[in-house]
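Each remark here refers to the structure printed beneath this line.
The values are calculated or read from the model by the stated rules, or taken from the named source; none is laboratory data. These figures come from a predicted structure and were not determined experimentally. As a convention, Cβ positions derive from the backbone with ideal geometry for all residues, glycine included, and neighbour counts pool all protein chains shown. Accessible surface is based on the protein model in full, side chains and every heavy atom, while ligands, DNA and RNA are left aside. Shrake-Rupley method; radii C 1.70, N 1.55, O 1.52, S 1.80 Å.
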Amino acid sequence: MNADSSINAAASKRLILEWIIERWLFLCALLSVFTTLGILYVLFGQSLNFFREVRPIEFLTGTRWAPLLQPRFFGVLPLVGGTLMIVIIAGVVALPIGLSIGIYLSEYASPLQKKIIKPFLEILAGIPTIVYGYFALTFVTPILQHLIPATEIFNALSAGIVVGIMILPMVASLSEDALRSVPSSLRQGGYALGATSWQVSLSIVVPAAISGISSAFILALSRAFGETMAVTIAAGSTPKLTMNPLESIQTMTAFIVQVSKGDTPVGTVEYYTLFAVALVLFAITFSMNIIANHIQRRYREVYDH
Amino acid sequence: MQVDPQVSARIMRRSQAIDGLFRTFCAICTWAGIVLLFVLIGKIVYEGLPGLNMDFINNFPSRRPGRAGLKAAIWGSVWLMGTVTVFAVPVGVCAAIYLEEYGKRGRLSNFLETNISNLAGVPSIVYGILGLAIFVRTMHMGVSVLAGGLTLALLVLPVIIVSSREALRAVPPGYRSASYALGATKWQTTWKIVLPSAMPGVLTGVILSLSRAMGETAPLILVGAASYIASTPGSPMDQYTALPIQIYDWASRPQAEFKDLAASGIIVLLFVLFLMNALAIYSRQRFLSKLKG
């Protein structure tokens with residue numbers, strides 16, 4: 001009798017403990033939701049203070065950005081334009097080369113070659129962005145200045161190239177994954193029709209993996225949008241709308257760094273520009289990530305025979 | 001239909017030539033990426049190695065490049081990593097356990113999963129903004145190791161969760177069934193059987209995420225890491241600087257001497273990251289061989 005009830009007591013204590021532990025684990029998992037809510041709350045809440053003083057239409061369509069000097073202008077387009085230029089240059093560098101690396105790894109490379117190449121790509125991906133910034137400023141820019149004397153010390157081209165190198169491993173490994181998931185029967189079908197291997201790669205395997213490849217491209221470009229240190233160091237701090245990649249520009253991220261490094265008093269409209277610009281950046285990268293996930297899920301070609 | 005054998009041979013030869021060219025092009029792209037890595041590291045070693053000595057490791061930063069050193073930055077980074085480990089590792093691993101072992105099915109865990117993958121894509125500077133508004137201002141932590149560490153902890157949390165889940169998933173289901181068969185509860189099974197088997201895998205992810213946090217610069221600038229500080233932190237509420245912050249400060253000065261210091265700093269940073277990665281690879285190998293054996 002006695003022993004029985006003590007076993008029961010122990011068992012119910014055990015059950016209570018199990019219940020508490022499960023709640024605790026759940027709370028930990030929920031913390032990520034609070035992080036998202038925190039980001040949204042901070043960005044929208046603080047931007048509201050900004051939009052009390054600056055009309056949203058002026059912010060989104062204005063073509064001059066000078067919030068720290070008098071007279072002040074709050075048109076975000078020069079920052080968006082500067083960022084876009086970096087992203088386009090990075091894309092021109094990284095997308096074709098990254099896809100070629102992906103094709104090489106999935107279609108041509110022997111297992112031994114793969115074993116050698118992949119760790120190097122991983123190292124390239126693990127190098128901190130500050131190092132890429134240093135590389136842009138002290139290596140790429142002098143070469144560009146040597147080739148094209150009109151190049152300014154701080155310029156979009158150098159930063160864009162380096163951001164391209166930075167996202168290259170991501171493009172390569174994600175597109176390799178996409179290409180590898182194409183079943184070999186499709187390739188063999190191509191060969192049976194007499195196609196050579198580049199014809200099989202480019203007109204069968206790549207189209208079959210196009211959803212994975214495009215989502216890899218979008219994710220990599222979204223990374224380029226949010227890149228901060230390389231562009232802060234190498235692209236300059238001159239917000240302007242220009243088509244000339246040899247000039248100094250400023251990206252959204254570089255502006256955020258500039259403001260937070262200075263001693264802008266808390267509560268001023270200059271301080272709140274930080275949050276308004278970050279909101280634009282967040283909106284762009286967030287939608288790109290959603291689109292990439294959507295493409296991957298919605299348009300995935302399922303081969304399960 | 002008649003096909004001229006000469007024509008078809010020509011088409012085939014051309015096709016094969018293009019084939020060779022395409023293959024060569026892909027190979028060149030691949031090896032170019034690797035050559036680039038060597039150029040990058042070579043450039044940094046060439047500029048930075050002459051300035052690398054014990055004085056550089058032991059000195060505080062200085063206005064005179066000859067006497068400037070990394071002491072404050074190294075200790076600042078050590079404090080930050082300690083803070084990240086204390087907060088992000090337990091929470092990340094617990095979240096992974098919940099998602100993998102407890103709440104596997106259902107809309108809620110789908111939602112949590114989507115949310116985590118979205119968080120992983122948020123630019124690091126946005127985490128800096130979050131840290132600035134929540135930790136530095138609202139919670140009045142000010143410019144402190146704690147505020148910086150918590151910001152980085154939130155940043156790497158998705159990485160820890162994803163990699164820990166992979167490690168937990170790799171534990172064979174038979175381990176769990178055997179434990180239940182002996183009458184163990186869910187938590188006993190998780191704590192005594194699943195987690196120990198998954199530990200090396202979890203550790204790999206933790207080390208990799210710490211090495212990510214180690215190299216992060218932008219969020220720390222936002223939460224106010226100082227670029228000129230001549231002391232090491234003594235408590236979590238102290239001011240601090242960090243390796244990448246110090247490198248950024250030196251790299252953005254116009255004088256060439258400071259640029260070389262930045263290169264020396266980068267060598268130290270890359271060396272630490274290299275050690276961490278080697279440790280992670282070692283731990284992954286052990287994990288895989290243990291699961292096989």
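Quick one: Cα centre-to-centre distance for segment A:258-280 and segment A:15-34, in angstrom?
So the separation of the two Cα centres works out to 37 Å.
Give, as a single signed number, the net charge of other residues whose beta carbon lies under 11 Å from the beta carbon of B:I125, with Lys and Arg counted +1 and Asp and Glu -1.
Surrounding charge for B:I125 is -2.
Could you give the DSSP H helices of chain A that reach 18 angstrom or more along their long axis (alpha carbon positions) and whose average Kyte-Doolittle hydropathy is no lower than -1.0?
Helices meeting the criterion: A:2-53, A:77-103, A:111-126, A:156-180, A:210-226, A:269-298.
Which residues, if any, in segment B:23-44 have at least 50 Å² less accessible area in the whole protein complex than in the isolated chain, probe 1.4 Å?
B:R23, B:C26, B:C29, B:T30, B:W31, B:I34, B:L36, B:L37, B:L40, B:K43
How high is the relative contact order of segment A:66-298? Use alpha-carbon pairs under 8 Å, at least six apart in sequence, and give a whole percent.
Reported relative contact order: 30 percent.
Give the separation of the Cα centroids, segment B:125-146 to segment A:236-256, in Å.
Cα centroid of segment B:125-146 versus Cα centroid of segment A:236-256: 27 Å apart.
Using a ≥ b ≥ c from the Cα gyration tensor of chain B (square roots of the eigenvalues), is it rounded, prolate or oblate, where a/c under 1.5 gives rounded and otherwise the larger of a/b and b/c decides, a/b for prolate?
It is oblate, given that a/c is not under 1.5 and a/b is not larger than b/c.
So what is the accessible area of segment A:149-224 per residue, in Å², with the probe set to 1.4 Å?
Here the residues of segment A:149-224 average 37 Å² of exposed surface.
Where does the longest stretch of chain A lie that holds no chymotrypsin sites (Phe, Trp or Tyr not before Pro) found in a DSSP loop with 15 or fewer other Cβ atoms within 10 Å?
Answer from the scan: A:1-298.
Whenever you get a sec, compute what percent of the accessible area on chain B sits on carbon and sulfur atoms (1.4 Å probe).
About 65 percent, which is the carbon plus sulfur part of the accessible surface.
Just the number, please: buried accessible area between B and A, total of both chains, 1.4 angstrom probe, nearest 100 square angstrom.
Answer for the B-A pair: about 6400 Å² buried.
Any idea how far the Cα center of segment B:266-284 sits from the one of segment A:125-170, in Å?
24
I'd like to check one number: the per residue accessible area of segment A:2-53, probe 1.4 Å, reported in Å² as a whole number.
Solvent-accessible surface per residue comes out at 66 Å².
Which percent of the accessible area of chain A is formed by carbon and sulfur heavy atoms (probe 1.4 angstrom)?
Exposed carbon and sulfur together represent 66 percent of the surface.
At 4 °C and 1.567 mPa s, what whole-number value in µm²/s does Stokes-Einstein give for the translational diffusion of the protein assembly as shown, with Rh from the Kirkwood sum over Cα pairs?
Result for D is 49 µm²/s.
Please calculate how many Å² of accessible area segment B:165-293 carries per residue, with a 1.4 Å probe and no DNA, RNA or ligand atoms counted.
Spelled out: the 1.4 Å probe surface of segment B:165-293, per residue, equals 45 Å².
Which log10 I(q)/I(0) values, to two decimals, does segment A:2-53 give at q = 0.14, 0.16, 0.24, 0.25 Å⁻¹ under the Debye formula with one point per Cα?
Log-scaled intensity ratios, in q order: -0.59, -0.65, -0.86, -0.88.
Tell me the GluC sites (Glu not before Pro) within segment A:41-150 that lie in a loop according to DSSP and have at most 13 other beta-carbon atoms within 10 Å.
Taking segment A:41-150 and a limit of 13 other Cβ atoms within 10 Å, no loop GluC sites (Glu not before Pro) are found.
Residues of segment B:167-198 losing 50 Å² or more of accessible surface, assembly versus chain alone, probe 1.4 Å, please list them.
Listed by number, the residues meeting the 50 Å² cut-off are B:W187.
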